[in-house]
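Right, one structure below, let's go through it.
The values are calculated or read from the model by the stated rules, or taken from the named source; none is laboratory data. What you see is a predicted model, and the numbers here were worked out from it, not measured in a lab. Here Cβ is always computed from backbone atoms with ideal geometry, including for glycine, and neighbour counts include all displayed protein chains.
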Amino acid sequence: MKGMLKVFNGDSEWEIFQRVLEDGRIILARHSNEKALFDEITNAKWADNTDTRPDFISENLMIEMFEIDDIVTTKKGKNNPQRKADARAMRDVQKFIDEVGDFREDIQVVAHGDTRYNPKTDSYELDRTEDHHNYQAYINNFLRICQKHLDSVPEYRKNYPDKKLGFLIIDDATFYVPKLKISAKETFTNLPFFDKNFMKLFVKSDVDFVVWAFNNKYLYTLEDKHGQDSFIPDVTLITKDYYYSKFTKLLDVDAMKSLEE
């Protein structure tokens, strides 16, 4: 069963990073040098550097982490309906805890809000799934957030000139596939690290490797209706020599649909 990278609303970046490195995850490293690098990453002695950036440093490596999703947002990502709904749900949960009293401190609560709920009318407004999250929003959010971190690469290099630099992407987006029927192998090659819409930013960058960690990708089949036992990796590592591979292509945005639809 796939383990969640983000478990609670208040998880720190350091806690999420530690979960990425946990034993037992399904890891994809397609080449020998990538496998060796992932072993180095998992065995390194890491320090939390989130106060100064990049986020995590070891003797020979440095990693900057960021999250992306496929939520349709406005105001350059500042208006995120899902985050607003989650915050509203958390306030409701906290109010309940305060009213009940004597709530066990060792219990942590996950609050996931419903974006269809309108607090002004206290009613649910049904909408189309693609109005809430879609592949174009996935790309837009990635390009905006990733470019922001790429702009800081010269600063990371200045602070730690002798370390290899990697980006760790915590991907909260759902699994997208073409609307036409495809084989299992073709499904796999529709993961974002095979799509030029995403990887084009890295090809000319000064980033040595990318660790792509999936927090919300499930492949639903007749045999596995909950998508928990699919072959989708939890974590993938790609080095700069393989940002583009023989499977890389420019996916048609309009042809992609979420498996949640």
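Observations, loosely collected:
- Only a single item in (1) at pLDDT 60 or above; (2) surrounded by 15 or more Cβ atoms within 10 Å (Cβ to Cβ) is not met by ARG83, and it is number (1).
- Qualifying residue in segment 102-118 (condition: of a type in the set (S, T, N, Q), touching a Ser or Thr at 6+ places or on another chain (Cβ under 7 Å) and either surrounded by 16 or more Cβ atoms within 10 Å (Cβ to Cβ) or at pLDDT 90 or above (or both)): no
- Residue check, THR187 part of a loop (DSSP other than H, G, I, E, B) and modelled with pLDDT under 95: no
- Restricted to segment 179-218, and to residues there that are in contact with a strand residue (DSSP E or B) (Cβ under 6 Å, 6 or more places away or on another chain) and more than 30 Å from MET62 (Cβ to Cβ), the residue that is surrounded by the most Cβ atoms within 10 Å (Cβ to Cβ) is THR187.
- Condition check for PRO192: closer than 29 Å to TYR218 by Cβ, modelled with pLDDT under 95, touching a helix residue (DSSP H, G or I) at 6+ places or on another chain (Cβ under 9 Å) and not basic (Lys, Arg): no
- Residues (under 17 Å from ILE169 (Cα atoms) and either outside any helix (DSSP H, G or I) or in contact with a Leu (Cβ under 7 Å, 6 or more places away or on another chain) (or both)) located in segment 18-35: ARG19, VAL20, LEU21, GLU22, ARG25, ILE26, ILE27, LEU28, ALA29, GLU34
- Lone unmet requirement of (1) in a helix (DSSP H, G or I); (2) at pLDDT 95 or above; (3) touching an Asp or Glu at 6+ places or on another chain (Cβ under 9 Å) for PHE38: (3)
- Test: SER152 is touching a residue at least 12 places away in the same chain (Cβ under 8 Å), in the same structural domain as VAL210 (by TED's automatic domain parsing) and of a type in the set (Gly, Ala, Ser): yes
- Which numbered condition THR52 misses (of (1) at pLDDT 90 or above; (2) over 15 Å from the mean Cα position of the chain (by Cα); (3) under 25 Å from ILE238 (Cβ atoms)): (3)
- The listed residue being farther than 17 Å from ILE170 by Cβ, out of contact with any Phe, Trp or Tyr (no Cβ under 8 Å at 6 or more places or on another chain) and at pLDDT below 95, out of LYS6, LYS76: LYS76
- Residue match in segment 194-201 (condition: over 23 Å from LEU5 (Cβ atoms) and among the acidic types (Asp, Glu)): no
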